[in-house]
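The values are calculated or read from the model by the stated rules, or taken from the named source; none is laboratory data. Being a predicted model, the structure only gives us computed values, none of them experimental. So basically every Cβ, Gly included, is an ideal-geometry build from the backbone, and we count neighbours across all protein chains shown. Quick note on the areas: whole protein, heavy atoms, side chains included, nothing else; ligands and nucleic acids left out. Shrake-Rupley method; radii C 1.70, N 1.55, O 1.52, S 1.80 Å.
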Amino acid sequence: MPRLSLAPLRRPLILVPLLLLFGLLAVFLLRPLFGSAVDVVVVRQGEMRQSVVASGRVRSPQRSELAAQVSAQVRAVHVVEGQGVAAGDLLIELDQRELQAAAAQARAQLAQAELRVRQLQLLGEPLAREAIRQAEANLTQAKRQFERVEALVAKGFYSPNQLDDARRALAVAESQAQSSRLQAQSNASGGADFKLAEAAVDQARATLAVAEAKLAYSRIVAPRAGTILARQVEPGDSVQPGKTLLSLSPAGVTELIVQIDEKNLRLLALDQTATVSADAWPDRNFPARVSFIGPVVDAQRGSVEVRLRVDNPPDYLKQDMTVSIDIATGSRPQAVLLPLEGLRGNAGDAWALVVRDGRAVRQPLQPGLRSAGEVEVRSGLAAGDLVVPATNPRVAAGDRVRARLPG
């Protein structure tokens, strides 16, 4: 029986370890010559658009809260939420009966005060003048009587008591004459009684104005055209002064209010344009522009209030609706763009690790505008340069590398 030989079978088994050993030697010997393969990002040329993105809300800057000015019961409400109104439209009617009575009473008091002034003009002055004439005539007669009695007493025909009576009568006549003169002065135009009567007229007119104003408050009208946002009252409700009954969003200027992180403040400027979309309609965009940048920073939130004006708001835009705002803060049509992961250092010492002639080279650069994923390179790099990402800490300047393009 022939014997089997194992020598031919052992030769392949010996070659496998030898091949592996030669492969490892080749790797370790060739790597220093050609370098290790590393992933790189590619510098490109294109349009750079820098923007600040944030969420905000829709607000009308002249939002009006319509409140009651008097205590009354609501008779009728003529509007509903979402209804458009014109300036002067009647919105709410309050019970007017008590207010009408107060206005009628004020009119009567005014008429009475005016009648008193008229009475002084027609009767007061003439009667006062007649009273003066009568008092002066009585005074003249009393003087003559006193002189006659005085002469007769001197001749002994009358007693001293009769002279005393004549003297008292003269004093009374003089007092009456003086009193009539003062009364005439008071009743005359510019006198105390006349001024008092005129003051009563002014007071009555003021009382009537207040009553008529309160009566007007019973009819609440739209101060301007707009849309009713909220209705907080129903017929039959009792309202007090200051209670808000309706909220009105005036037609016209629409603003977007947004809080921007203070670190982006340097990028913002008035009249910058923005693209806006409502969260309820994310596929519809409309333009806006920056109209106000807050002068102070909110210390608690670290943000600045920014307002954007919407000149032609879409029909679906509603008060307090949430919107996404993309403010364009800068652009370059033909910029050299580096992916952000390739940028190293800080603003004053920015650099990139560029693959040149099989080696990683430290290249200083001047960054410009930034977007969400790229940075503009104003000097230091050119389109087509291959850059080692900063996320690869194993590669240092001077190392031999083989660039491995993305994808």
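Quick notes on this structure:
- Of all residues in segment 155-177 being modelled with pLDDT of 80 or more and of a type in the set (A, V, I, L, M, F, W, C), the one that is surrounded by the most Cβ atoms within 10 Å (Cβ to Cβ): A169
- The number of residues in segment 367-387 that are among the charged types (D, E, K, R), outside any loop (DSSP other than H, G, I, E, B) and touching a residue at least 60 places away in the same chain (Cβ under 8 Å) comes to 3.
- Residues that are among the hydroxyl-bearing types (S, T, Y) number at least 2 in the following strands (runs of 3 or more DSSP E) confined to segment 242-332: 244-250, 273-278.
- Test result for Q203, more than 29 Å from the chain's Cα centre (by Cα) and among the polar types (S, T, N, Q): yes
- Residue that is least open to solvent (accessible area, probe 1.4 Å) [pool: residues in segment 357-366 that are free of Cβ contacts under 8 Å to residues at least 24 places away in the same chain and part of a strand (DSSP E or B)]: Q363
- Residues of segment 93-147 classified as at pLDDT 80 or above and either open to solvent by less than 60 Å² (accessible area, probe 1.4 Å) or small (G, A, S) (or both), total: 14
- When the criteria are applied in full, A390 meets the requirement of being over 19 Å from Q50 (Cβ atoms) and either open to solvent by less than 80 Å² (accessible area, probe 1.4 Å) or in contact (Cβ under 8 Å) with a residue 24 or more places away in the chain (or both).
- Of all residue pairs spaced 6 or more apart or on separate chains, those with beta-carbon atoms under 7 Å, a first member in segment 38-57 that is under 19 Å from A403 (Cβ atoms) and outside any strand (DSSP E or B) and a second member that is among the basic types (K, R) and modelled with pLDDT under 95 are V40/R404.
- Qualifying residue in segment 80-89 (condition: open to solvent by 70 Å² or more (accessible area, probe 1.4 Å), at pLDDT 80 or above, within 45 Å of the chain's Cα centre (by Cα) and more than 27 Å from V210 (Cβ to Cβ)): yes
- All of D349, D320, D298 fail the test of being over 17 Å from V53 (Cα atoms), loosely packed, with under 14 Cβ neighbours inside 10 Å and in contact (Cβ under 8 Å) with a residue 40 or more places away in the chain, apart from D320.
- Looking only at residues of segment 189-241 that are among the β-branched types (V, I, T) and under 16 Å from Q112 (Cβ atoms), we find that the one that is most open to solvent (accessible area, probe 1.4 Å) is T207.
- Subset tally (residues that are closer than 16 Å to R332 by Cβ and in contact with a strand residue (DSSP E or B) (Cβ under 6 Å, 6 or more places away or on another chain)) for segment 382-407: 1
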